[in-house]
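Okay, structure first, notes after.
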């Protein structure tokens, strides 16, 4: 069913049309599959998974595009399981659990040929391993990424840490990076975490991250590309990621209802910049994500935020 978007002439059908017109790497196909699942469209999720399986590489990575990504394919594991593609899902699962490049003590590298740990990986890995029933490895990866990237003083995540040099490859508090973490943990919690101590820790730390990000909200309800740097461009996608996490937390009962008000404000602010073709404008843009543009992830998180918002009704 098509739903009108606040502050724009577009609707969810337009968001989908724009999203499906875009070329997509593994993580972009992955968030598209999550948008389909969250919208209740299992048939569309199955079609998205079909092509990811057609591109599954010899290592087991779904949606392989001959790029340097080592963990982005993990974002397709949940949908592969949901539509019953268990053989392909198990190959992807074992890539994450055993074969994907990692540091000697186990933290996964984001790229092949690099020893860097990225905030983005939390979204790609933690929900996938929860979906496959591997809670202990999921929590291990979350804790290790947090240890390398989380800044106790600000409560925010820095973007990229190089395990080889033991220094930050990028120490910026990237808005989308913090969005990936918050959205990933909310998604993992939504999939179900049976261990009470893990569940409560994840809930508390995700709430604290949302609070830390909210402190950097701009006057119009969006966020700068680097949260604490007003000289950087304004990015609506980070707000959609955070809104998805907040709506999910309220709907699932681990966030107070007041967080839905924040999420609604962030969602409406981002969707006010949807153009007549359905593209969410003024977001961190593909393919380099260092300037304003459009992206598949912004399209997907717009749909996911709206689906999470609808769950509250």
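Quick notes on this one:
- Any hit, segment 183-202, residues being closer than 21 Å to residue 107 by Cα, under 18 Å from the mean Cα position of the chain (by Cα), free of Cβ contacts under 8 Å to residues at least 40 places away in the same chain and surrounded by 16 or more Cβ atoms within 10 Å (Cβ to Cβ): no
- Residue count for segment 226-265 satisfying the condition of being touching a residue at least 24 places away in the same chain (Cβ under 8 Å) and either surrounded by fewer than 24 Cβ atoms within 10 Å (Cβ to Cβ) or more than 14 Å from residue 281 (Cα to Cα) (or both): 26.
- Condition broken by residue 243, with the remaining ones in (1) assigned to a helix (DSSP H, G or I); (2) over 17 Å from the mean Cα position of the chain (by Cα) satisfied: (2)
- Selected residue (criterion: farthest from the chain's Cα centre (by Cα)) from residues of segment 213-225 that are more than 20 Å from residue 281 (Cα to Cα) and crowded, with 19+ Cβ neighbours inside 10 Å: 216
- Residue 269 assigned to a helix (DSSP H, G or I), within 29 Å of residue 21 (Cβ to Cβ) and under 18 Å from the mean Cα position of the chain (by Cα): no
- Selected residue [at pLDDT 95 or above and over 23 Å from residue 117 (Cβ atoms)] from 26, 79: 79
- Count of segment 28-77 residues which are touching a residue at least 40 places away in the same chain (Cβ under 8 Å) and crowded, with 24+ Cβ neighbours inside 10 Å: 16
- In segment 128-174, the residues that are more than 19 Å from residue 116 (Cβ to Cβ), assigned to a helix (DSSP H, G or I) and touching a helix residue (DSSP H, G or I) at 6+ places or on another chain (Cβ under 7 Å): 128, 129, 130, 131, 135, 137, 138, 139
- Test set (1) surrounded by fewer than 18 Cβ atoms within 10 Å (Cβ to Cβ); (2) within 19 Å of the chain's Cα centre (by Cα) - residue 97 fails condition number: (2)
- Set side by side, the residues 113, 64, 30, 40 differ, and just one is outside any helix (DSSP H, G or I) and closer than 26 Å to residue 251 by Cα, which is 40.
The values are calculated or read from the model by the stated rules, or taken from the named source; none is laboratory data. Remember, predicted model here, so these are calculated numbers, not experimental data. Methodologically, a virtual Cβ is constructed for each residue, glycine included, from the backbone with ideal geometry; neighbour enumeration extends over all protein chains shown.
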